[in-house]
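Notes follow the structure.
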Amino acid sequence: MEGQPQGPPNPAGMENGTEPCGEERASEAQETTVTEGAAKIAFPSANEVFYNPVQEFNRDLTCAVITEFARIQLGAKGIQIKVPGEKDVQKVVVDLSEQEEEKAELKKGANLAPGDQPRTAAVGEICEEGLRVLEGLAASGLRSIRFAREVPGLQSVVANDASARAVDLMCRNVQLNAVAHLVHPRQADARMLMYQHQRASERFDVIDLDPYGSPAPFLDAAVQAVSEGGLLCVTCTDMAVLAGNSGETCYSKYGAMALKSRACHEMALRIVLHSLDLRANCYQRFVVPLLSVSADFYVRVFVRVFTGQAKVKASASKQALVFQCVGCGTFHLQRLGKASGASGGRVKFSAACGPPIGPDCEHCGQRHQLGGPLWAEPIHDLDFVGRVLQAVSTNPGRFHTSERIQGVLSVITEELPDVPLYYTLDQLSSTIRCSTPSLLQLRSALLHAGFRVSLSHACKNAVKTDAPSSALWDIMRCWEKECPVKRERLSEASPAFRILSVEPRLQANFAVRDDANPSSRQRGLKRFQANPEANWGPRPRARPGGKAAGEAMEERRRLHQNKRKEPAEDPVQRAARLKTFPCKRFKEGTCQRGDQCCYSHSPPAPEDTAAAASPDHPKTSYQNPPGSGVAAGPGVD
């Protein structure tokens with residue numbers, strides 16, 4: 001490295017992946033070293049290069065998914081991958097002594113011809129027939145370095161970023177981890193880099209996109225730059241848009257209207273899959289989801305991209321619109337296209353017929369909102385998810401977040417693959433203003449009625465079922481009969497009144513069944529993550545010359561927590577504010593203070609009460625004297 005120029009990296013050289021790393025270094029006091037997985041990186045304390053430690057689960061899961069994808073791809077070529085830690089685990093499982101196993105391996109190797117020796121691919125080695133990986137927005141290069149040090153069967157890893165500061169930091173981290181033979185830093189616009197690799201011979205086998213915010217600007221280039229059957233990994237952190245807070249913004253980015261719904265996290269996953277498939281269809285390509293995860297403050301999808309004109313014609317029948325009632329939250333799906341069998345084993349595609357509902361909700365009489373289109377087919381490949389789960393379970397020491405990966409993937413394997421979206425326990429009970437049944441009671445009632453039901457990894461109290469909405473509300477009507485609601489308090493126009501005014505046609509049985517408790521819940525797996533750290537969440541965007549994450553920034557993050565909620569008040573100020581509201585007895589005309597009544601006042605003494613009852617006793621105020629510092633509790637009367 002001696003004798004290299006000290007200026008900034010040359011963009012032209014970086015695009016070829018041959019630019020050497022510069023020797024210009026910031027002082028050690030201004031940098032922080034982080035160890036994650038098998039990688040060790042240095043990044044500036046100033047907010048110049050983006051890094052979020054909370055996304056370690058995202059990076060661990062990606063390494064596990066790419067490892068299994070490499071096992072499948074290279075296995076078809078006769079290459080076996082070696083994952084650190086797997087061999088030792090297998091020795092414990094196999095009922096053979098080490099000496100007998102070694103003899104069997106030596107004997108097997110002696111009988112093989114030199115050209116028939118089994119080919120293997122290990123971590124940190126270049127595999128000539130391995131995967132070509134692109135990380136479009138690499139920042140510090142942590143993810144790419146982890147790929148090189150933890151995932152076997154790689155030919156090369158291109159770590160790209162548009163920031164010269166980030167590329168310089170990547171070069172240093174690549175040298176620090178001794179993976180320069182595998183990881184090639186580049187400085188380029190991620191879209192232009194992918195557009196330059198549209199030819200079949202230049203495409204990448206794996207493309208990982210984890211941008212700050214929405215990945216929408218990169219999706220068109222990504223679906224063209226990934227190889228046939230290649231893996232596309234996409235992260236979206238703009239959950240406010242995908243969860244329905246800005247439906248028009250969601251349409252401009254993803255081509256779909258998002259609705260505010262209790263199932264908004266799964267709806268976000270399906271909107272992203274719809275957007276990917278829509279962009280791929282423009283180039284006679286289509287996507288096949290392998291794994292779709294909603295976690296923390298983001299969604300993450302893993303899809304394979306294939307080419308085929310006949311399969312592209314079926315894409316319209318895989319998308320659906322959502323009709324959601326604004327009163328009770330009941331939803332119905334309407335497919336955009338229809339695929340039906342024809343003579344000769346052919347498939348005929350046509351427009352779907354609809355809508356599936358009337359102008360008003362059949363349960364509460366309210367209007368419907370229209371959302372979508374979104375992906376209506378399964379969002380997971382359960383066989384692939386099972387492979388990843390088995391690999392992580394048999395080698396738990398490989399990742400720091402192995403427990404959470406096992407829990408999330410276990411719930412995913414229990415989900416109903418052919419049932420889009422879900423209801424929630426609190427949604428159903430709050431709609432009819434009744435107490436909430438336990439999860440096992442509601443699941444048992446659905447199972448007794450002959451329907452299927454499962455949880456969802458996207459929501460802790462989700463109820464994913466193939467039961468029609470009429471059967472679901474009949475079960476809730478039966479529950480309300482066991483825990484009655486005061487009907488006189490319900491407005492006749494409310495959804496609760498209209499739903500409960502109908503007698504149930506289905507008699508629900510709430511006796512708890514053994515199969516109502518899913519396996520992941522019985523084993524106590526870490527299915528839903530608790531807050532990993534204080535003031536956690538999306539980090540601020542990296543900016544050139546960004547300020548260090550000191551006490552001022554931490555204080556700012558703390559102040560932004562729950563910023564849309566009512567701020568905490570001083571007790572004295574709260575008491576003064578409450579004194580402007582009359583008490584409940586004053587509203588009923590029974591308060592003994594009369595016009596002098598305030599919402600918060602001291603209880604009267606017995607002699608004062610007697611005196612106040614005298615007709616010639618003047619009215620007095622029972623408020624606390626100013627400055628006394630005594631704030632009586634509200635609602636004493």
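Of the residues screened, D383 is not one that is assigned to a loop (DSSP other than H, G, I, E, B) and closer than 24 Å to R300 by Cβ.
Could you please let me know if T394 is crowded, with 21+ Cβ neighbours inside 10 Å, over 29 Å from D277 (Cβ atoms) and in contact with a helix residue (DSSP H, G or I) (Cβ under 9 Å, 6 or more places away or on another chain)? Judged against the criteria, T394 is not a match. Looking only at region 126-140, decide whether some residue is in a strand (DSSP E or B), modelled with pLDDT of 90 or more and of a type in the set (V, I, T). Yes, because at least one residue in region 126-140 is in a strand (DSSP E or B), modelled with pLDDT of 90 or more and of a type in the set (V, I, T).
Select, from S317, S292, the only residue that is in contact with a strand residue (DSSP E or B) (Cβ under 6 Å, 6 or more places away or on another chain), among the polar types (S, T, N, Q), buried (at least 16 other Cβ atoms within 10 Å of the Cβ) and not in a strand (DSSP E or B).
On the way: S292 fails: not in a strand (DSSP E or B).
From the options S317, S292, the qualifying one is S317.
Only one entry in S140, S156, S144 is open to solvent by 10 Å² or more (accessible area, probe 1.4 Å) and in contact with a Leu (Cβ under 9 Å, 6 or more places away or on another chain), namely S156.
For region 419-451, a residue qualifies if it is farther than 21 Å from C364 by Cα, open to solvent by 30 Å² or more (accessible area, probe 1.4 Å) and touching a Lys or Arg at 6+ places or on another chain (Cβ under 9 Å), and the qualifying residues are L440, L447, H448.
Restricting to region 434-464, name every residue that is among the polar types (S, T, N, Q), without any contact (Cβ under 8 Å) to a residue 60 or more places away in the chain and either part of a strand (DSSP E or B) or farther than 29 Å from R489 by Cβ (or both). Residue satisfying the conditions is N461 alone. Reported count of residues in region 364-380, each being over 22 Å from R71 (Cα atoms), open to solvent by less than 20 Å² (accessible area, probe 1.4 Å) and either assigned to a loop (DSSP other than H, G, I, E, B) or aromatic (F, W, Y) (or both), is 3.
Take the residues in region 480-491 that are open to solvent by 20 Å² or more (accessible area, probe 1.4 Å) and assigned to a helix (DSSP H, G or I), then tell me which one is farthest from T424 (Cα to Cα). Can you show your working first?
Start the filter on region 480-491 by keeping residues that are open to solvent by 20 Å² or more (accessible area, probe 1.4 Å), which leaves 481-491.
Those still in the list that are assigned to a helix (DSSP H, G or I) too: 481-482, 487-489.
Numbers: K481: 20, E482: 20, R487: 23, E488: 26, R489: 24 Å.
Checked region 480-491; the qualifying residue farthest from T424 (Cα to Cα) is E488.
If you go through region 100-125 and keep only what is at pLDDT below 85 and among the acidic types (D, E), you end up with E100, E101, E102, E105, D116. Residue-level analysis places V299 among those that are outside any helix (DSSP H, G or I) and modelled with pLDDT under 95.
Kindly indicate whether T235 is in contact with a Phe, Trp or Tyr (Cβ under 8 Å, 6 or more places away or on another chain) and of a type in the set (S, T, Y). Walk me through how you get there before you give the answer.
On the way: in contact with a Phe, Trp or Tyr (Cβ under 8 Å, 6 or more places away or on another chain): yes; of a type in the set (S, T, Y): yes.
Considered against the rule, which asks whether it is in contact with a Phe, Trp or Tyr (Cβ under 8 Å, 6 or more places away or on another chain) and of a type in the set (S, T, Y), T235 comes out as yes.
For region 452-466, a residue qualifies if it is among the small types (G, A, S) and crowded, with 23+ Cβ neighbours inside 10 Å, and the qualifying residues are S456, A458, A462. With the structure loaded, tell me whether G229 is at positive phi and assigned to a strand (DSSP E or B) or whether it fails that test. In short, yes.
For residues that are open to solvent by less than 20 Å² (accessible area, probe 1.4 Å) and either within 26 Å of H400 (Cβ to Cβ) or in contact with a Leu (Cβ under 7 Å, 6 or more places away or on another chain) (or both), tally how many sit in region 172-193. Break it down into steps so the answer makes sense when it comes.
Initially, region 172-193 is screened for residues open to solvent by less than 20 Å² (accessible area, probe 1.4 Å), giving 173-174, 177, 179, 182-183, 185, 188, 190, 193.
Adding the requirement that they be either within 26 Å of H400 (Cβ to Cβ) or in contact with a Leu (Cβ under 7 Å, 6 or more places away or on another chain) (or both) leaves 173-174, 177, 179, 182-183, 185, 190.
Final tally of qualifying residues: 8.
Answer yes or no: is there a residue in region 306-319 that is hydrophobic (A, V, I, L, M, F, W, C) and within 22 Å of the chain's Cα centre (by Cα). Please lay out each step first, then the result.
From region 306-319, those hydrophobic (A, V, I, L, M, F, W, C) are 306, 310, 312, 314, 316; that's our starting set.
Remaining after also requiring within 22 Å of the chain's Cα centre (by Cα): none.
There is no residue in region 306-319 that is hydrophobic (A, V, I, L, M, F, W, C) and within 22 Å of the chain's Cα centre (by Cα).
Just one of the listed residues (S494, S501) is of a type outside the set (V, I, T), within 26 Å of R367 (Cα to Cα) and surrounded by fewer than 17 Cβ atoms within 10 Å (Cβ to Cβ), namely S501. Listed by first and then second residue, the pairs with beta-carbon distance under 8 Å, at least 6 apart or on different chains, first residue in region 66-80 and touching a residue at least 24 places away in the same chain (Cβ under 8 Å) and among the polar types (S, T, N, Q), second assigned to a helix (DSSP H, G or I) and open to solvent by 10 Å² or more (accessible area, probe 1.4 Å), are T67/E150; T67/A391. Pairs meeting the criteria (first residue in region 252-264 and of a type in the set (S, T, N, Q), second residue in a loop (DSSP other than H, G, I, E, B), beta carbons under 9 Å, at least 6 apart or on different chains) are S261/A243; S261/G244; S261/G329; S261/L421.
The values are calculated or read from the model by the stated rules, or taken from the named source; none is laboratory data. In this text, all values refer to a predicted model and were calculated from it rather than measured experimentally. Reconstructed Cβ throughout: ideal geometry from the backbone, glycine too, with neighbour counts over all protein chains shown. Keep in mind that these areas ignore ligands, DNA and RNA; they rest on the heavy atoms of the full protein, side chains included. Shrake-Rupley method; radii C 1.70, N 1.55, O 1.52, S 1.80 Å.
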